[in-house]
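Colleague: First the structure, then my questions, so here it is.
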Amino acid sequence: MATAVTETKHDPNNGESPDHEDKKTDRIVQDDKVELQDTDAWDKLGYSFPTWRKWQILGVVFLIQISMNLNASMYANGVGGISEKFGITKQAARIPQMTFLVAYAFGCELWAPWSEEYGRWPIQQLSLFLVNIWQIPCALSKNYETYVICRFLGGLSTAGGSVTLGVLADMWEPDEQEYAVAFLVLSSVGGSVVGAIAGGFVEHNLSLPWIFWIQLIVGGAVQLTHLLCNPETRSTILLDREAKRRRETGEDPNIYGPNEIRGRKLTKKQFWTIFSRPFYMFFTEPIVLWLSLLSGFSDALIFTFLQSFQPVYEQWGFGTIGVSLAFIPLLIGYILSYLSYLPSIHHFRKIRRRSPGKLQPEVRLWWLLFLAPLETIGMLGFAWTSLGPDYGIPWIATMVFSCMVGIANYAIYQSSIDYQTAAYGPYAASATGGNDLARDFLAGIAALYSAPMYENIPGRPLEYASTILACLAFCVTIPIYVVYKKGPEIRAKSTFAQSLDKSREVAKEKRRKSSVTGLKQGDGEHLEKV
């Protein structure tokens, strides 16, 4: 069977698909079968969805992110009950929380290739279903080992940021997606805090199994919402459907979708390329490494807080519910940070539309330059207001500083994701995959060291532990300023970054020409009828 290539585009990946895509950039013709490409049916793809539809889909993805991160954090409220029920130490009872987060870090990358191959919708449905299923053995558990195994499987079953960001990328092109990224990041960081707040009420009012039943109820509701409200957004799947429709209607009997003509089979080499690229970029790209470690450290801070808030606020007589409500300032910080980004996004978007190519990707880090120091200031302030009521310090003082930490934590994740999307173009999914890997992995490790850290440091453990974190925060935020100033020079030495957007620019030009041709044809048809 002969294969003819009728169109050629620049392929920066040397035959390997960029951004988790298993398709070359050439149109394939096999005998009488012609491949339908995105430029041939742009109006059928997620990019052409009405604005309200895009945000409705993103709203459901927002709920999925909340659900996933609630699963990660709510377990902390069951540590005491598990320790008491099975006669183990609290440190041992935290191991299932660690296994969930570490497995989550790798699960995100494992699910991504399949979402590119078979579509976002079935993969998210399958992921949600499996995560929900693993809640049941935990709720009914009669032994500690069940928690370790099922929590690990639950984390591995979670199709996290790599897939949810993929849904976003299916509907907005990189230069148009900042508002959507900012919104989705709010759910990613906010979900952990929502879990901590809700977990306190569950722990206080219900028995241990309800920690997991609540997660199942939330997960089931989110899965049902996704089932009923969200369509498929993956372009190759939509092109397959459009090609089939055209054949059935007789509009174009020779047209076939990408998967129909190329086949769905994902080879071992392709799977390994897709799966390993985030790890390769993490260790070989300085920008990815620095920003990922910074983002990971910030996320680990939040999971450290999950353990530190109880001893800190017990000084003011806070009970279980009071400690859970103490997380509200973090949530407020996230919302304030999100709102603070909107003016800068609007400003820089206007400049890009007026003068395309004028702004470097580093401009997406600009607002972070001002918000990042709040992490160090917030941790240091939280440390020494943790002295408690014996020193005449009101509890609200600690919350002011934890709110600052929330502002910085959101800003770090938002800017790092937004910048890597702009800086690495077709490799953005792999770059941000390293970011997610670091966040979840370091958060998992934090679940083990945070409680001993706040209990075992001699002298003033509460104050010294947070001061150590403040010093670390200062160190890890320094690269932000280096990347902002030296980013263009660093990217100039990167093979990945240098391939930025070449294929996308060709695609844009093709769409422009296709639109002009379509317009002329439409005018011709109109004149014929007249």
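The values are calculated or read from the model by the stated rules, or taken from the named source; none is laboratory data. Please read these numbers as outputs of a predicted model, since none were measured by experiment. Quick reminder, even Gly has a Cβ in these numbers, built from the backbone with ideal geometry, and neighbours come from all protein chains shown. To get the accessible areas, we keep the full protein, side chains included, count just its heavy atoms, and leave off ligands, DNA and RNA. Shrake-Rupley method; radii C 1.70, N 1.55, O 1.52, S 1.80 Å.
Colleague: For segment 159-202 and segment 405-458, what is the centre-to-centre distance using only Cα atoms, to the nearest Å?
Modeller: 13
Colleague: While we're looking at this one, here's another question. For the chain, what is the charge dipole size about the Cα centre, in debye to the nearest 20, if Lys and Arg each add +1 at the Cβ and Asp and Glu each add -1 at the Cβ? Numbers along the way, then the final one.
Modeller: Numbers: 48 positive and 49 negative charges, 103 e Å.
In debye, rounded to 20, the chain gives about 500.
Colleague: Per residue of segment 370-376, in order, report the coupling 6.51 cos²θ - 1.76 cosθ + 1.60 (Karplus, θ = phi - 60°) as ³J(HN,Hα) in whole Hz, putting x for Gly and Pro.
Modeller: 8, 8, 4, x, 5, 5, 5
Colleague: Further question: If you roll a 1.4 Å probe over segment 30-266 with all protein chains in place, what percent of the accessible area is carbon or sulfur? Don't jump to the answer; show the numbers that get you there.
Modeller: On the way: 5440 of 8690 Å².
The nonpolar share, carbon plus sulfur, comes to 63 percent.
Colleague: If you don't mind, there's one more thing I want to ask. Using Cα pairs under 8 angstrom and six or more residues apart, how large is the relative contact order of segment 65-136, in percent? Could you put the intermediate results ahead of the total?
Modeller: Details: 24 pairs, mean separation 13.7, N = 72.
Rounded, it is 19 percent for segment 65-136.
Colleague: Follow-up. How much accessible area per residue does segment 234-372 have, counting only protein heavy atoms and a probe of 1.4 Å, in square angstrom?
Modeller: 45
Colleague: Express the relative contact order of the chain as a whole percentage, based on alpha carbon pairs under 8 Å and six or more residues apart in sequence. Numbers along the way, then the final one.
Modeller: Working: 848 pairs, mean separation 114.9, N = 530.
The value is 22 percent.
Colleague: Roughly how tilted is helix 144-156, in degrees to the nearest 10 and between 0 and 90, from the longest Cα axis of the chain?
Modeller: Between the helix axis and the principal axis of the chain, the angle is about 30 degrees.
Colleague: Something else now. Using per-residue counts of other Cβ atoms within 10 Å, averaged over each peptide, order 331-343, 44-56 from highest down. Display every interim value, and only then the final one.
Modeller: On the way: 331-343: 18.0, 44-56: 15.0.
The packing order, highest mean first, is 331-343, 44-56.
Colleague: Here's something else I'd like to know. Let me check I've understood the local charge: for Tyr449, count other residues with C-beta under 15 angstrom from its C-beta, Lys and Arg +1, Asp and Glu -1. What total comes out? Walk me through the intermediate numbers first.
Modeller: Working: positive: Lys90, Arg94; negative: Asp299, Glu455.
Cβ neighbours under 15 Å give a net charge of 0.
Colleague: Next question, about the same structure. Collect residues whose amide H, placed 1.01 Å from N in the peptide plane, falls under 5 Å from the amide H of Arg234; neighbours closer than 5 in sequence don't count.
Modeller: Long-range HN contacts for Arg234: Arg120, Trp121.
Colleague: Okay, moving on. For n ≥ 4 DSSP H runs only, could you compute -39500 (n - 2.57) per run for the chain, divide by its residues and tell me the 222 nm figure to the nearest 500?
Modeller: Values: 22 runs with 393 residues, N = 530.
The helix contribution divided over the chain gives -25000 deg cm²/dmol.
Colleague: Taking the Cβ of Ala408 as the center, what net charge do the other residues with Cβ under 14 Å away carry, scoring Lys and Arg +1 and Asp and Glu -1? Please report the intermediate quantities before stating the final value.
Modeller: Working: positive: none; negative: Asp299, Glu375.
Result for the local shell: -2.
Colleague: Restricting to lysines 8 or more places apart or on different chains, can you count the pairs in segment 277-501 with Cα atoms under 20 Å from each other? Each step should come with its number before you reach the end.
Modeller: Values: Lys350/Lys358; Lys358/Lys485; Lys358/Lys486; Lys485/Lys493.
Summing the qualifying lysine pairs gives 4.
Colleague: Which shape class, rounded, prolate or oblate, goes with segment 363-464 when its Cα gyration tensor gives a ≥ b ≥ c as root eigenvalues, a/c under 1.5 marks rounded, and past that a/b bigger than b/c marks prolate? All intermediate terms of the calculation are to be shown ahead of the outcome.
Modeller: On the way: a/c = 4.10, a/b = 1.81, b/c = 2.27.
Verdict is oblate for segment 363-464.
Colleague: Taking 0.36 nm per intervening residue step and subtracting the Cα-Cα distance, what contour gain separates Lys493 from Trp316 on full extension? Intermediate values should be presented prior to the final figure.
Modeller: On the way: separation 177, 0.36 × 177 = 63.72 nm, distance 5.39 nm.
Length difference between fully extended and current span is 58.3 nm.
Colleague: How high is the relative contact order of segment 30-266, in percent, with contacts defined as C-alpha pairs under 8 Å that are six or more residues apart?
Modeller: 37
Colleague: Additional query: Say R0 is 56 Å: what FRET efficiency, to the nearest 0.05, do Phe283 and His204 get from their beta-carbon distance? Please report the intermediate quantities before stating the final value.
Modeller: On the way: r = 44 Å, r/R0 = 0.79.
In this case the efficiency is close to 0.80.
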